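Colleague: Handing you a structure now.
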Amino acid sequence: MTRNKSIRSRVEAYAKSTYGIESEQLPFNHEDYAVLRHPENGKWFAVFFLKPRSVLGLPGDGDAEVASFKIRSRGLRDKLTGRPGILQGYPSSKWNWLSTVLDGTVRFNTVCDCLDDSYRATRFKPANLYVPLKQRCGNGMMHSEPHIR
């Protein structure tokens, strides 16, 4: 008898076949964290983790496997917000991140849509800009000094 792959492993396989990127485990002691990140800029576009369902406000016992994505598309965000299995930006609602519970509540294709949007949203990282700032010297004169913004 063949066992079905978990949704997380299917999403990771999709990321590998579509973008050539494999997940990497993060060194946290109490949680199963993994990320998908751009090799060019190091930015994460997906975070996988386990949390107790009660912490996430979900019914049932045990842990929930969750994937978080940075969502750029307002249309996608608006379409998904309020649906079962969708969490607003866990762990912080201030970020442009949306989380999906990977228990089958959210369709696999929808999770992949979130992954694709997140990949595009994080693909280009602006370079650090060296901006000369005017600073006052001890003698009262102004001079420019490079400053990382």
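Any read-out appearing in this document is the output of simple, stated calculations on the displayed coordinates, not a laboratory observation. All values derive from a computational prediction rather than experimental measurement. Please note: Cβ atoms are built from the backbone with ideal geometry, for glycine as well, and neighbour counts cover all protein chains shown.
Colleague: Work out the FRET efficiency for residue 124 and residue 24 from their Cβ-Cβ distance, taking R0 = 22 Å, and round it to the nearest 0.05.
Modeller: 0.60
Colleague: What FRET efficiency comes out for the pair residue 10/residue 41, r = Cβ-Cβ distance, R0 = 41 Å, nearest 0.05?
Modeller: My answer for the efficiency is 0.95.
Colleague: To continue, here is another question. Treating cross-link reach as a plain straight distance, find the aspartates and glutamates whose alpha-carbon is under 17 Å from the alpha-carbon of residue 43, omitting any fewer than eight places away in the same chain.
Modeller: Reachable aspartates and glutamates: 12, 22, 24, 116, 117.
Colleague: Once amide H atoms are placed 1.01 Å from N in the peptide plane, what residues at a sequence separation of 5 or more from residue 64, or on another chain, have their amide H within under 5 Å of its amide H?
Modeller: 51, 53
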